[in-house]
Amino acid sequence: MQNLTMTLTVLAKRALTDEITEFTLADPAGAALPGFTAGSHVHVGVPSGGTRQYSLANDPAETHRYVIAVKREAGGRGGSVSLVDGVAQGDSLRVSAPRNDFALDLDAPGEPLLIAGGIGITPILCMARALHGAGRPFRMVYLTRDAAQAAYADEIAAAPFAAPVTMHHDGGDPARAFDLAGALADPAGRTIYCCGPTGLLHAVRGAAAHWPRGSIRFEDFGTAPLAAEVEGDGFWVRFEGEETHYRVPADRSILQVLQEAGLDVPSSCEA
């Protein structure tokens, strides 16, 4: 598992929505933290045991803090619940150095298109801040069910880069869904960065099927290809080139099974 190399203090804790809580982490002595790039995540030791991975939402130019947002998943494995309910301002957490499996290419040509769904706003917001700081124009689409669940909506609306941001709330009604097909009709030399729930990733992939290969980047679950075999109410997976198989029952995710097997599988966004 990821090495938790630092003990950081919870400098601040605040509710962003009724489901999402922000934690600001800093060195207890005020020392500078290891640098990071837009799209990075850290592993955080949670009170219930083990670690969870959370994307960094703050500006990569900042060296004095890490900011993460945690969605409290009551039906999850208990890590987010223990973090939100059991950790207070002033407490300490074990944290890894940042790692990036969803890197933003600041030198790529064209105008990047950032797409966030729900808690997926965290790495996307970090990217928006980095692009603005680099003087790069971009477009951003932030999709949620309703305004009350849109974390960072007020900060985005007041940000100096607010103009190119579109926020859309569909109320859970498919008839009010954002027009991804229209927004992605013309590739125009752009690159898409998308983070959010699985349904959004599939929708973006479908709407942008005509985009050039390599121009769409998702918050991905792993860096190695996986092969799978279906068996009854579950299936088996293995990393290509390896012999070990891992059984994934119907009530578990691939990520949960691999992490419980002790594998360090990148997953900045578990939403």
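The values are calculated or read from the model by the stated rules, or taken from the named source; none is laboratory data. For clarity, every value in this text was computed on a predicted model and none was experimentally measured. A quick note on method: Cβ atoms are made from the backbone with ideal geometry, for glycine too, and the neighbour counts reach across all protein chains shown. Side chains are part of the model used for accessible areas, which takes the heavy atoms of the whole protein and leaves out ligands, DNA and RNA. Shrake-Rupley method; radii C 1.70, N 1.55, O 1.52, S 1.80 Å.
Couple of notes before you dig in:
- Surface per residue (accessible, 1.4 Å probe) for the range 66-155, Å²: 38
- FRET E, pair residue 244, residue 210, Förster distance 35 Å, beta-carbon r, rounded to 0.05: 0.40
- Kirkwood Rh in Å, taken over all unlike Cα pairs in the range 38-104: 12.7
- Taken about its Cα centre, the chain carries a charge dipole of about 380 debye when Lys and Arg each add +1 at the Cβ and Asp and Glu each add -1 at the Cβ.
- Taking all protein chains as they are arranged and a probe of 1.4 Å, the heavy atoms of residue 253 leave approximately 50 Å² accessible to solvent.
- With the Kirkwood sum run over all distinct C-alpha pairs, the range 78-125 has a hydrodynamic radius of 14.3 Å.
- Expected-Rg normalisation [2.2 N^0.38 Å, Cα atoms] applied to the range 1-67: 1.11
- In order along the range 185-195, the phi-based Karplus estimate (6.51 cos²θ - 1.76 cosθ + 1.60, θ = phi - 60°) of 3J(HN,Hα) comes to 4, 10, x, 6, x, 8, 10, 9, 10, 10, 9 Hz; Gly and Pro are listed as x.
- Residue list for the range 155-182, given a label point 7 angstrom along the Cα-to-Cβ vector of residue 188 and an amide N cut-off under 14 Å: 164-166, 182
- Of the GluC sites (Glu not before Pro) in the range 16-114, not one is in a loop by DSSP (not H, G, I, E or B) with at most 14 other beta carbons within 10 Å.
- For the pair residue 31 and residue 103, a Förster radius of 30 Å applied to the C-beta separation gives a FRET efficiency near 0.75, rounded to the nearest 0.05.
- Cα gyration tensor shape for the range 108-218, rounded if a/c is under 1.5, else prolate or oblate: oblate
- Efficiency of FRET from Cβ geometry, residue 18 and residue 88, R₀ 25 Å, rounded to 0.05: 0.85
- Helical content alone sets the calculated 222 nm signal of the chain at -4500 deg cm²/dmol, taking -39,500 (n - 2.57) per DSSP H segment of four or more residues and averaging over every residue.
- Calculated SAXS-style log₁₀ I(q)/I(0) at q = 0.14, 0.15 Å⁻¹ - the range 84-173, Debye, Cα scatterers: -0.62, -0.70
- Amide H contacts under 5 Å for residue 192: 113, 216, 217, restricted to partners 5 or more places along the chain or on a different chain, H placed in the peptide plane at 1.01 Å from N.
- Among 181, 255, 76 - extreme Cα towards positive end, dipole of the chain, charges at beta-carbon: 181
- Within the accessible surface of the range 105-226, defined with a 1.4 Å probe on protein heavy atoms only, the carbon and sulfur portion equals 55 percent.
- Rh (Kirkwood; distinct C-alpha pairs) - the chain, Å: 19.5
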